[in-house]
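The values are calculated or read from the model by the stated rules, or taken from the named source; none is laboratory data. All values reported here derive from a predicted model rather than from experimental measurement. Because the Cβ atoms are built from the backbone with ideal geometry, glycine has one as well, and the counts that use them run over all protein chains shown.
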C-alpha cells in the first residue's frame, strides 16, 4: 500500500513531555500538510510544506509546535512541553499540485495523542 | 478563522433512503472536496470539485459545486449500512477549511 503513513498511531504522554510524530507521504507528492482534529470537529489546518519549504503556518501552531520536512519526503511534527489541551488526532495529508486549483489531499490514518 | 457551515449535524435514516447534506461559506473557494471518516481513521476522499456548477458522481454519491462558489452539496442515493460514518466538506486551494461534519446513521 502506498498511501500516507503515520507513526505512531497512538501516543500517551504525561504533561510536560515532548512528543514527535512522523508522516510519510505518498511518493512523488510534493506537498505535505498537518492538521489537528478534536472530537466532534473537522480537521483544522496547522501547516504545510512544498518540497522541503514550509510555506504556511496557522496561528494554532504555537511556539511549542515545530514541523520539519528536511529532504522533501517524510515530515515530523514535534510538540514540546505538552499540555492537556494538545490531546487530539494529528492528521497528515499529501498532494501533488497537478494544475491550478487541482490540489487533492489524501490523508493518513492519524496519530491520536493523549496527554495525561 | 474561516468556517464552513455544514448541515445537518446528524441524520438517522432507513436503509434505502436518499440522503442530502450541504456546506456553505461566506468566502469564495476554487476547490470543494467531500470526505468520509470512520472512527479512529483518517478522512477518505469521496469526490473533488473544481468548477462552479460542476456536478460529479462517484457510484451512489453525487456532489455539486455551487454557482456562487460559496457552497456545495453531497447526495447519497439508496443508502446502505456501510454508508455509516461522518461526512466532511472541505474547501480551499492550498490549505483547506473543513466543516464540522454530518454524522450519518443508517438503520438496516
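So is residue B:27 more than 13 Å from chain A (Cβ to nearest Cβ), at pLDDT 95 or above and farther than 28 Å from residue A:5 by Cα or not? When the stated conditions are applied, residue B:27 does not pass them. Within the range B:70-108, the residues that satisfy the criterion of being more than 11 Å from chain A (Cβ to nearest Cβ), surrounded by fewer than 20 Cβ atoms within 10 Å (Cβ to Cβ) and not in a helix (DSSP H, G or I) are B:70, B:71, B:73, B:75, B:77, B:78, B:80, B:84, B:105, B:107, B:108. Scanning the range A:35-52 for residues that are more than 12 Å from chain B (Cβ to nearest Cβ) and either touching a residue at least 12 places away in the same chain (Cβ under 8 Å) or within 17 Å of residue A:103 (Cα to Cα) (or both) turns up at least one hit. Within the range B:6-24, the set of residues being assigned to a strand (DSSP E or B) and either closer than 21 Å to residue B:55 by Cβ or facing chain A (nearest Cβ under 10 Å) (or both) comprises B:6, B:7, B:19, B:20, B:21, B:22, B:23, B:24.
Does residue B:45 meet the test of being within 11 Å of another protein chain (Cβ to nearest Cβ), under 20 Å from residue A:92 (Cβ atoms) and touching a strand residue (DSSP E or B) at 6+ places or on another chain (Cβ under 7 Å)? Yes, satisfied.
A quick yes/no check of all residues on (1) more than 13 Å from chain B (Cβ to nearest Cβ); (2) at pLDDT below 95; (3) closer than 24 Å to residue B:31 by Cα:
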residue: A:56; (1), (2), (3): no, yes, yes
residue: A:75; (1), (2), (3): yes, no, no
residue: A:82; (1), (2), (3): yes, no, no
residue: A:100; (1), (2), (3): no, yes, yes
residue: A:105; (1), (2), (3): no, yes, yes
residue: A:111; (1), (2), (3): no, no, no
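Once the range B:57-69 is narrowed to residues that are buried (at least 17 other Cβ atoms within 10 Å of the Cβ) and within 14 Å of chain A (Cβ to nearest Cβ), the residue that is modelled with the lowest pLDDT is B:69. Go through the residues of the range A:3-11 one by one and say whether even a single one is modelled with pLDDT under 95, within 11 Å of another protein chain (Cβ to nearest Cβ), within 17 Å of residue B:90 (Cα to Cα) and not in a strand (DSSP E or B). No, the range A:3-11 has no match at all.
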